[in-house]
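Asker: Below are the structure tokens for one structure; questions will follow.
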Amino acid sequence: MIRQRITPGAILEINVHNDFFCYAQILQTKSLAFFDYRTKERISELELLENSSVLFIVKVYFDIITQGYWVKVGKLPIREELQVAPMQYIYHKFDKLQFELYDPNTGEDRPSTKEECRGLERCAVWDKHHVEDRLRDYYNGVPCIWLKEDYEIFKD
């Protein structure tokens, strides 16, 4: 294992089930922006990612980075639109106050409605295999098992 630091701007290479490679960038909030870019071969020119759209932004367990499961392959400036992390939602299944909006930039949350939360990423910390499954499922055009509850919440 390679020991690595969590460095904003660093680009991580993700080997998805030995099938293809995807890339993510560490943001200021220590969240990761996962690019809509996959390739069978490792890329050597990171500039290819500069115009790639972002699939999703989530937090992952730090050891995935610090223990080198996803290897840092370089660094790019963080795009302006990624300087501020997007709002996320919290869902309380067994609470009358079911939804909250969470601001990952400040750590603050507030009561919310289902409609305000629609289309946002759920506030969670993802594990390595969950993210890799999500990327695989996205590129295979199938629903991600780890998002099943989210699909159910917003199915209407």
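Asker: Please work out which one of (1) out of contact with any helix residue (DSSP H, G or I) (no Cβ under 6 Å at 6 or more places or on another chain); (2) surrounded by 15 or more Cβ atoms within 10 Å (Cβ to Cβ); (3) touching a residue at least 40 places away in the same chain (Cβ under 8 Å); (4) not β-branched (Val, Ile, Thr) is the condition Leu46 fails and give its number.
Answerer: With respect to (1) out of contact with any helix residue (DSSP H, G or I) (no Cβ under 6 Å at 6 or more places or on another chain); (2) surrounded by 15 or more Cβ atoms within 10 Å (Cβ to Cβ); (3) touching a residue at least 40 places away in the same chain (Cβ under 8 Å); (4) not β-branched (Val, Ile, Thr), Leu46 is out only on (3).
Asker: Then there's this: Report, by residue number, each residue of the stretch 49-77 that is farther than 17 Å from Ile2 by Cα, in contact (Cβ under 8 Å) with a residue 60 or more places away in the chain and crowded, with 16+ Cβ neighbours inside 10 Å.
Answerer: Passing the criteria: Leu55, Phe56, Ile57, Val58, Lys59, Val60.
Asker: Looking only at residues in the stretch 1-43 that are acidic (Asp, Glu) and assigned to a loop (DSSP other than H, G, I, E, B), which one is surrounded by the most Cβ atoms within 10 Å (Cβ to Cβ)?
Answerer: Narrowing the stretch 1-43 to residues acidic (Asp, Glu): 13, 19, 36, 41.
In the following step, the residues that additionally are assigned to a loop (DSSP other than H, G, I, E, B) were identified as 19, 41.
Details: Asp19: 13, Glu41: 7.
The qualifying residue surrounded by the most Cβ atoms within 10 Å (Cβ to Cβ) is Asp19.
Asker: Across the stretch 54-88, which residue is modelled with the lowest pLDDT among those that are small (Gly, Ala, Ser) and closer than 13 Å to Gln25 by Cβ?
Answerer: Of all residues in the stretch 54-88, those small (Gly, Ala, Ser) come to 68, 74, 85.
In the following step, the residues that additionally are closer than 13 Å to Gln25 by Cβ were identified as 74, 85.
Values: Gly74: 96, Ala85: 92.
The qualifying residue modelled with the lowest pLDDT is Ala85.
Asker: Kindly evaluate Glu115 against the criterion of being within 21 Å of Gly9 (Cα to Cα) and part of a helix (DSSP H, G or I).
Answerer: no
Asker: Within the stretch 57-97, which residues are among the hydroxyl-bearing types (Ser, Thr, Tyr) and assigned to a loop (DSSP other than H, G, I, E, B)?
Answerer: Within the stretch 57-97, the subset among the hydroxyl-bearing types (Ser, Thr, Tyr) is 61, 66, 69, 89, 91.
Tyr61, Tyr69, listed by residue number.
Asker: Kindly list the number of the only condition in (1) of a type outside the set (Gly, Ala, Ser); (2) out of contact with any Leu (no Cβ under 7 Å at 6 or more places or on another chain); (3) free of Cβ contacts under 8 Å to residues at least 60 places away in the same chain that fails for Glu116.
Answerer: (2)
The values are calculated or read from the model by the stated rules, or taken from the named source; none is laboratory data. A quick note: this is a predicted structure, and the numbers were derived from the prediction, not measured. Methodologically, a virtual Cβ is constructed for each residue, glycine included, from the backbone with ideal geometry; neighbour enumeration extends over all protein chains shown.
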